[in-house]
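Have a look at the structure below, then the notes.
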Amino acid sequence: MRRFLIAGNWKMNCGPYDAAELLEGLTERKAEISEDVDVLVCPPFVSIGMAVKYLYDTDIQVGAQNLHFEENGAFTGEISGSMLTESGCNYVIIGHSERRQYFGETDETVNKRVHKAIEHKLAPIVCVGESLEQRQKEEHFELVKNQVKKALEGVSEAEVRDVVIAYEPIWAIGTGETATPEQAQVMHEYIRTVLSDLYSEEVADQINILYGGSMKPANAKELLSQPDVDGGLIGGASLDADSFSEIITIAEELA
Ligand code: 13P
């Protein structure tokens with residue numbers, strides 16, 4: 001009953017011109033997308049308008065990489081949930097490890113942003129994941145459990161059905177080193193039991209859990225074949241129309 005979600009996180013890449021070129025390449029290669037797979041691109045804020053314009057008559061959806069937790073006001077440089085909805089987004093990435101690491105994002109601000117996203121009908125993609133050091137100390141399960149629990153504090157059973165969790169081990173992001181399919185499956189299954197304890201098994205079974213960290217055409221099939229891996233949050237490989245469309249095709253074949 002879960003559908004694959006293949007999501008591209010462009011990070012700080014592609015202004016409007018490059019975005020147009022990348023999306024042209026992508027829509028040429030994937031003029032049609034199977035009904036069983038959802039596809040999403042998350043460009044930087046300034047390219048969202050271009051992406052929405054390019055993709056309006058396609059099955060590819062547009063999301064953002066962050067939102068602020070206040071409604072509006074004197075918050076120089078920030079973007080609100082209503083601005084994203086108005087711009088044509090229906091997803092937003094929240095709590096990416098790069099934001100936690102470089103921009104002071106905490107479990108508390110992640111939780112506030114999740115509530116704001118839900119209020120504005122943006123499906124939050126909540127990122128969790130451990131560093132190499134935390135894995136070596138075998139703290140990764142506890143850490144990820146706490147990240148999930150804190151991110152979802154106060155989120156009701158009805159609201160959580162639209163939440164997406166992305167497991168992104170920090171040691172696998174942009175490093176070329178991927179979690180093995182087994183490592184991914186074990187953590188995804190664990191996250192689903194955490195969700196089941198927080199809500200119910202029925203709800204946990206509906207929530208999409210994506211894997212992120214050096215996913216590419218060469219490893220996508222093995223990762224997406226795992227029973228609890230419901231898609232990918234893809235950085236580097238989403239910046240290349242060939243690679244991203246290949247991963248979409250792999251998901252279509254497995255769906
Ligand atoms: P890479 O695919 O470049 O490793 O990035 C993963 C990621 O951080 C997606 O959010």
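The values are calculated or read from the model by the stated rules, or taken from the named source; none is laboratory data. Since the structure is predicted, the reported quantities are computational estimates derived from the model, not experimental observations. All Cβ positions, even for glycine, are placed from backbone atoms using ideal geometry, and neighbour counts span all protein chains on display. For the accessible areas, the whole protein counts, side chains as well, though only heavy atoms, and no ligand, DNA or RNA atoms are used. Shrake-Rupley method; radii C 1.70, N 1.55, O 1.52, S 1.80 Å.
Before moving on, here are some points about what is shown:
- Residue match in the range 204-222 (condition: among the polar types (S, T, N, Q) and at positive phi): yes
- The set of residues in the range 1-14 that are more than 15 Å from residue 237 (Cβ to Cβ) and open to solvent by 30 Å² or more (accessible area, probe 1.4 Å) comprises 1, 2, 3, 12.
- Test result for residue 46, open to solvent by less than 80 Å² (accessible area, probe 1.4 Å) and away from the ligand (no atom under 16 Å from the Cβ): no
- One residue stands out in the range 27-36 among those that are of a type in the set (D, E, K, R) and outside any loop (DSSP other than H, G, I, E, B): the one that is least open to solvent (accessible area, probe 1.4 Å), namely 29.
- Criterion applied to 241, 172, 179 was being in contact with a helix residue (DSSP H, G or I) (Cβ under 7 Å, 6 or more places away or on another chain) and within 11 Å of the ligand (Cβ to nearest atom), and the one residue passing it is 179.
- Residues that are open to solvent by 40 Å² or more (accessible area, probe 1.4 Å) and either at negative phi or not small (Gly, Ala, Ser) (or both) within the range 83-106 comprise 83, 85, 86, 87, 90, 98, 99, 100, 101, 102, 103, 106, listed in sequence order.
Conditions tested, residue by residue: (1) assigned to a loop (DSSP other than H, G, I, E, B); (2) closer than 29 Å to residue 105 by Cβ.
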site	(1), (2)
5	no, yes
8	no, yes
11	yes, yes
25	no, no
38	no, yes
46	no, yes
53	no, no
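- Members of the range 218-238 that are assigned to a loop (DSSP other than H, G, I, E, B) and within 12 Å of the ligand (Cβ to nearest atom): 235
Conditions (1) within 14 Å of the ligand (Cβ to nearest atom); (2) of a type outside the set (A, V, I, L, M); (3) more than 25 Å from residue 147 (Cα to Cα), marked per residue:
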residue	(1), (2), (3)
63	yes, yes, no
66	yes, yes, no
77	no, yes, yes
81	no, yes, no
87	no, yes, yes
97	yes, yes, no
102	yes, yes, no
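- When the range 172-181 is limited to residues that are within 17 Å of the chain's Cα centre (by Cα) and open to solvent by less than 60 Å² (accessible area, probe 1.4 Å), the one that is nearest to residue 227 (Cα to Cα) turns out to be 179.
- Of all the residues in the range 182-211, those that are loosely packed, with under 15 Cβ neighbours inside 10 Å and within 13 Å of the ligand (Cβ to nearest atom) number 0.
- If the condition is being part of a helix (DSSP H, G or I), over 17 Å from residue 37 (Cα atoms) and among the acidic types (Asp, Glu), then the range 239-255 contributes only 242.
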